[in-house]
Structures are given as C-alpha cells and as structure tokens.
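Structure provided below as structure tokens; questions to follow.
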Amino acid sequence: MSRFQTTAVHAGREDFNALCVHAPPLDLSTTYPIADLGTGSASFDALIGGAADAANPIYARLHNPTVARAEKAIAVLEGTQACVAYSSGMAALTALLMDRAQHGKHVLVVRPLYGTSDHLLESGLCGVQAEFITDAGQIASHLRPDTALVIIETPSNPTLNLIDIRAAVQAAGTVPVAVDSTFATPVLQRPIELGAAYVWHSATKFLGGHGDVIAGVICCDEARAAPLRTMRAATGALLHPLAAYLLHRGLPTLKMRVEAAQANAKVLAQRLSEHPAVAKVHYPGLADSPNAHLVGTQMSGPGSLMAFEMRGGHDAAANVMAKVQVMTSAVSLGSVDSLIQHPAGLTHRMVPDDVKLATGITPGLLRLSVGIEDVEDLWDDLVQAMG
Ligand SMILES: *Cc1c(COP(=O)(O)O)cnc(C)c1O
C-alpha cells in the first residue's frame, strides 16, 4: 500500500494508462446505451440493490463513473471499504438518519455540533428522535434498546471540543457510531481505525478545498454502504459529476493545504491568546484546551479551525467581521482562503439560545477558518480589525 500522499495523488486514477488519459474523464451522461437487455436488467438489479458498480450504469441516478472515481479515492484516504457521495453534507446526514431509522427511532447526539446538523436532528424530519447530551462520558447511560446511532463531531463546530472517539465507540457498545470528521479530514484523523462505523464529511469544506463545490460523503464498510446507495437511487440526493470532478481534483493537494493552514493556525492561535482584546481562544493546539492530549494521538495535529471570544462581546465581534480585509467575513470553512464568521448570529442561529450559552456559543465568539495565505498578512489583518 502506498503512503498517504502518493495515494492522494493517484487514487481513483488507476485506469488512466489503459484509457490513455491523464485527467479523469468527466461523464455528464444522464442515461447509458443498453446493448443487451439481459445485461441491462442484471445491472439494474445490482445497482438498485446497492452495488458500487455494474456492467451498465443504466441511468445516472443509479451510477455515474465520475462520481464513483471520487468516492473510491476518498474511501482509500479514509481507510474504508466504501464511500457514498451526496449533493451536500446535509444530504449525507439525511440519508444516514433515514437509513438508521429502519433499525430504531432513537439517535443519541453529543452537542455541540454544526448548527444545521443540530437543527435537522432536533426537527425530527428524518424519522428519528434525537436525544442530545453535552458530555460524551454520558453515552453509555443514555443508550436505549431502540438506539440506532450515536453521533459525535470532533473537533466540534464551533468550539473545537475534542471527543475521544475510541472511548465513545466503547461506550456505545453494539450501537454504531458516526463521526463528523469534517474539521479533521483524513489527513489528521481516521475515525474508522478507532472503531467508528461511519465517518461523514461536508466535502464542501477541506476535501473540496477551494470554495467551489457543495458535497457530502459517508465512508463506511461495504455492508453499510449498500443500503445507502439503494436509498440514494430512490431519493435522488446525488452528487453532480462536475462537483465530483472538482472534489477529486482537490484530493492530491489535501495534505499540503491542511498542513499549511494548520501551521498558520498554530501561530495565530498563540498570538490571539496573548492579545488584550481577546478573552479566550478555543484551539486544540493550545495546552489549556480541553482534551488537548488527543492531539498527537487521536489527531495528528490540531487543524486550522479556531474560535475566539472578544472581550467586547457582540459589538466587538461584529466590528472585526466588518473590518477584515485579507480574510473574508463569510460562513463555511476549509478553503484555501481565510474565512471568519459569528456562530451565534450565523451558522448556529437555529440552535436554541439556552443551548448556545450552555455550549459556549456566546455573543462575542468568532470562528476563524485559517487559510494558506502568508501568516504575517493574516496576523496584520486581525490586528487592524481588532483595533
Ligand atoms: C458545513 C458542515 C456540514 C454541512 O455540510 P454542507 O455541505 O454545507 O451541507 C456538516 N458538518 C460540519 C462540521 C460542517 O462544517
């Protein structure tokens, strides 16, 4: 097996020499010619039954070769047998919940997590009843006979809490654990190796990496992937092949982007923690961060997301957002450029106010996704914006 970086460059490209191409063919077909009805019918059965592949793709809602390439590459990087790609991270979570709802109605969720994930789970829209806890140490005591899934997000959005994945898996016993690993990427963390059943990503973020793709993926073993594909064929939450092409294109540079952004983030987190306008910095790379011991063990590095609390509260935070010039005031994260936003006012708006406060989503909190610009320009920008 090749090492991570070689795999990142070559995964999903194994057949290029045979095809005599040097870039992935972008297949935008919606339908595929059926030369032989017997083969067509057998392929239809296979794909509707959840197979990753068949002799004939039949129709692009059942299978698309460009999407399958990107899926294959991401599965290899994540260390899973399979990957199923969706039109967004939220479509991926929806599919996972609808699938697990067939096994039980109760889903146990550790807060905080991405605001829209929280909102979707709270809504009950996907046929499951979510129970929220804020301490992963309470997973075992909240399991029920009908618990179909445990959901954790580590590092968590927006406060960068780390959860011990191995301990969560142990506490969940026979109940599968799904880890939202969007902030970590497979460069920094591989939850499957720690016992998780599902890893899911908003591939919109680091995996795409350039702010031009909305996508979601679920990585898991083949037996869990098959029903997800069957449901995707039935419900149609597909990743468009052009989006899959762009997603695949981002993978060779994933490690470089993650590491360059992380190097910048380490510097900015340290300097922010010493700045008089800042009350607190939430960053797993700082020694006083809760569960910092998981950096270097569960995670190979602290990543490039952080949140910081302005002493001046809401108005000071709004002022920083208004004044940044190199950084962009915008939601989303994991792009090559730095993005700063206000969780309470934007991404976590739908989280109930009491939950916001209990989980540290305060009026003065800003979340910063550090990009790969020159770190001194980023620091100068922050200093002038906080002034
Ligand atoms: C953005 C995000 C999501 C949602 O993904 P979309 O691609 O925007 O649908 C889920 N989890 C985390 C941690 C995210 O940052």
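Would you mind stating whether GLY364 is over 18 Å from the mean Cα position of the chain (by Cα), modelled with pLDDT of 95 or more and at negative phi?
Here the answer is yes, as GLY364 does meet what is asked.
Turning to a different aspect of this structure: Tell me the residue from LEU125, LEU120, LEU77, LEU62 that is open to solvent by less than 30 Å² (accessible area, probe 1.4 Å) and closer than 23 Å to VAL351 by Cα, please. Talk me through it step by step, then tell me what you get.
Numbers: LEU125 fails: open to solvent by less than 30 Å² (accessible area, probe 1.4 Å); LEU77 fails: closer than 23 Å to VAL351 by Cα; LEU62 fails: closer than 23 Å to VAL351 by Cα.
Unique residue meeting the criteria: LEU120.
Return the residues of region 168-187 that are over 18 Å from ILE151 (Cβ atoms) and either within 13 Å of the ligand (Cβ to nearest atom) or open to solvent by 10 Å² or more (accessible area, probe 1.4 Å) (or both); say none if nothing qualifies.
Those that are over 18 Å from ILE151 (Cβ atoms) and either within 13 Å of the ligand (Cβ to nearest atom) or open to solvent by 10 Å² or more (accessible area, probe 1.4 Å) (or both): THR185, VAL187.
Need at least 2 residues that are at pLDDT 95 or above and within 26 Å of ALA42 (Cβ to Cβ) per element, so show me which helices (runs of 4 or more DSSP H) inside region 63-124 make the cut, counting only ones lying wholly within it.
65-78, 89-100
Looking at the structure I just gave you, is HIS314 closer than 27 Å to LEU194 by Cβ, of a type outside the set (Val, Ile, Thr), outside any loop (DSSP other than H, G, I, E, B) and open to solvent by 40 Å² or more (accessible area, probe 1.4 Å)?
The answer is no for HIS314.
Being touching a helix residue (DSSP H, G or I) at 6+ places or on another chain (Cβ under 8 Å), open to solvent by 10 Å² or more (accessible area, probe 1.4 Å) and outside any loop (DSSP other than H, G, I, E, B) is the filter here, so list the residues in region 189-199 that pass it.
ILE192, LEU194
A follow-up question, please. Can you tell me which condition HIS240 does not meet? The list is (1) farther than 24 Å from LEU305 by Cβ; (2) more than 16 Å from the ligand (Cβ to nearest atom), and all the others hold.
Among (1) farther than 24 Å from LEU305 by Cβ; (2) more than 16 Å from the ligand (Cβ to nearest atom), HIS240 violates only (2).
This table checks each residue for (1) open to solvent by 30 Å² or more (accessible area, probe 1.4 Å); (2) within 30 Å of CYS126 (Cα to Cα); (3) of a type in the set (A, V, I, L, M).
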{"position": "THR7", "(1), (2), (3)": "no, no, no"}
{"position": "HIS22", "(1), (2), (3)": "yes, no, no"}
{"position": "SER29", "(1), (2), (3)": "yes, no, no"}
{"position": "ILE48", "(1), (2), (3)": "yes, yes, yes"}
{"position": "ASP53", "(1), (2), (3)": "yes, yes, no"}
{"position": "ARG69", "(1), (2), (3)": "yes, yes, no"}
{"position": "VAL84", "(1), (2), (3)": "no, yes, yes"}
{"position": "GLY89", "(1), (2), (3)": "no, yes, no"}
{"position": "GLN102", "(1), (2), (3)": "yes, yes, no"}
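Shifting gears a bit: Looking only at region 99-118, how many residues end up being within 16 Å of the ligand (Cβ to nearest atom), within 17 Å of GLY216 (Cα to Cα) and not small (Gly, Ala, Ser)?
Matching residues across region 99-118 total 4.
A follow-up question, please. With surrounded by 20 or more Cβ atoms within 10 Å (Cβ to Cβ), touching a residue at least 24 places away in the same chain (Cβ under 8 Å), touching a helix residue (DSSP H, G or I) at 6+ places or on another chain (Cβ under 7 Å) and over 24 Å from ALA261 (Cα atoms) as the only criterion, which of VAL351, VAL370 stands out? Walk me through it before giving the result.
Working: VAL370 fails: over 24 Å from ALA261 (Cα atoms).
After applying the criteria, what remains is VAL351.
Consider ILE214 carefully, then state whether it is surrounded by 24 or more Cβ atoms within 10 Å (Cβ to Cβ) and within 12 Å of the chain's Cα centre (by Cα).
no
What are the residues in region 296-311 that are open to solvent by less than 50 Å² (accessible area, probe 1.4 Å) and either of a type in the set (Gly, Ala, Ser) or in a loop (DSSP other than H, G, I, E, B) (or both), if any?
Of everything in region 296-311, those that are open to solvent by less than 50 Å² (accessible area, probe 1.4 Å) and either of a type in the set (Gly, Ala, Ser) or in a loop (DSSP other than H, G, I, E, B) (or both) turn out to be GLN298, GLY301, PRO302, GLY303, SER304, ALA307.
The values are calculated or read from the model by the stated rules, or taken from the named source; none is laboratory data. Values in this document were obtained by computation on a predicted structure and should not be read as measured data. So basically every Cβ, Gly included, is an ideal-geometry build from the backbone, and we count neighbours across all protein chains shown. For accessibility, only protein heavy atoms count, side chains too; no ligands or nucleic acids. Shrake-Rupley method; radii C 1.70, N 1.55, O 1.52, S 1.80 Å.
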